[in-house]
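Here's the structure we're looking at; comments come further down.
The values are calculated or read from the model by the stated rules, or taken from the named source; none is laboratory data. Everything numeric here is computed off the predicted structure, so don't read it as measured data. Cβ atoms come from the backbone with ideal geometry, glycine included; neighbour counts cover every protein chain shown. What goes into the accessible areas is simple: the full protein's heavy atoms, side chains included, and nothing from ligands, DNA or RNA. Shrake-Rupley method; radii C 1.70, N 1.55, O 1.52, S 1.80 Å.
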Amino acid sequence: MPASTRLARAIVIGLASAPTMALAGTFDYTLYAGLEHSNNIALSSDQPISENVFTPGATFQYTQLGSTFQANVAGTLEYRKYLENDFDSQTQTQLAAQANWTAIPERLDFSLEDYAGVQPVDQLAADSPGNQQQTNVVVVGPTLRMRFGDAARGQVELRYIDSYASKVNEFDSSRALAAFRVYRDLNPTDTLSGNLEFQRVDFDKQPSSANYDRKEAYLRYTSTLAHFDADVLIGGTRLNFDQGRDATSPLVRLQIGWQPTVQNSLSVAGTYQYADAAQDIITTPGLLAANGSTADRTEAIDPFANTGGLGRGAATGIGTGSAVIGSEVYKEKRLEASWVWQQPRLSVTVSPSYSQLRYLSDNTFDQTEKGVSAGVGYRLRPTLTLTGFGTYEKTKYDSFDRKDNTVRLGLDLGQQWNRHWSWHASVARERRNSDAVGQSYRETEFFVGVVYRR
């Protein structure tokens, strides 16, 4: 299905799921424009291409917490113009959105979720402009709520899930989800729930043998305190493929945040589960907070916040993800942590990560990745900040003899002119050493841009 048709259908679903009303929530946005120079825009090992890129864009965040309508939407829209015409211009979108309409108070809700982003076409190749594609996952459906006394409640959810990628059609799928949940309030801050889920997965462009049923049962505990929050999910998953094969696995997802002092904060997120690319995009730790609200997504408001070193594209509003876009199911182990120490003039951020993917059918992409990113910011003057950042990633592919080591280092200088206007200038050097022929490269980037914040 063409991208325009998919987008139109998502808009129609969204309009059908929400009432006609005046939006009375909080809306924030930024407008930005930047100019980037790269001496190796295609990240080639032996044929570097020098290119200048003009990047205008806009970010927005909308929140509403009304009695009838609740919404939390954060997004970025960006246009990339390659001034030397070595690549076609690109329009890219990043979105994490949740909306809920209460049709009958405490009885019936309708919800809509949308997750859009940029992912690689070929995960084994470098993140060049020609190796990027737009993905989108839409989740929509009703929720029937019920009460079992003062402290217990239940709900039945029915969801239709549609996933789409602009270049890899193996990702395209239609899914039906049914869930039954029972919640028990242990006290004003802690909640325990029991959950049963059934999901039918049908891929649009794959043989019917790739389709499967997903059954899950789990307990979930959430706690929200002044300086500590936790969301811990423990259970099991069973997959039944149409080709006759079954698979079972424990299911664990967790997010923990701790702020022992005003200057220090620590967060940890992890998963152990069966997943595919669409499932992972919805449930990736750190994307959304446990209560359903958008997490601390500074990059959704400040398009230059990612100069803390999250990879290529970090100097602008949208970076490329790392998902292997397709239909394959894999067992995923993932652990991420972040420590932030902040003083009036000095701030330090350290974020280690570990992930392991093991595919059920084709082990080509079986991989183990370890990484760490760090940033140090120093306020030279009340409105002028210098930031140094660095990342290190080590990826090992288990099915063939390949290891990639990628290092990125850089500096960013930013100034806040006034409440609305700011500017940034940055330089970054990236290097990859790979065992694969043609996958090692060196690149230097220079970037300068301005931001208008509402």
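Near the amide H of residue 121, within less than 5 Å, lie the amide hydrogens of 132, 133, all on another chain or at least 5 residues away, with H placed in the peptide plane.
If r is the Cβ-Cβ distance from residue 186 to residue 354 and R0 is 45 Å, what FRET efficiency results, to the nearest 0.05?
Working: r = 32 Å, r/R0 = 0.70.
Approximately 0.90, to the nearest 0.05.
Summing Cβ point charges (Lys, Arg +1; Asp, Glu -1) relative to the Cα centre of region 151-202 gives a dipole of roughly 140 debye.
For the chain, which span is the longest to avoid every loop-located (per DSSP) member of GluC sites (Glu not before Pro) having at most 16 other Cβ atoms inside 10 Å? Provide the component values of the computation, followed by the final result.
Numbers: sites that count: 84, 106.
That would be 107-454.
Placing +1 on the Cβ of every Lys and Arg and -1 on the Cβ of every Asp and Glu, with no other charges, gives the chain a dipole of roughly 940 debye about its Cα centre. The alpha carbon centroids of region 115-133 and region 220-265 are separated by 28 Å.
Exposed loop sites here mean chymotrypsin sites (Phe, Trp or Tyr not before Pro) with a DSSP loop assignment and at most 14 other beta-carbon atoms within 10 Å; the chain contains its longest site-free run at 149-399.
For the full complex of protein chains and a 1.4 angstrom probe, list 370, 331, 403 by accessible area with the highest value first.
On the way: 370 115, 331 55, 403 80 Å².
Result, largest first: 370, 403, 331.
Once the Cα atoms are used to define both axes, helix 3-17 deviates from the longest principal axis of the chain by about 40 degrees. Projected over every direction and averaged, the convex hull enclosing the alpha-carbon atoms of the chain yields 21.7 nm².
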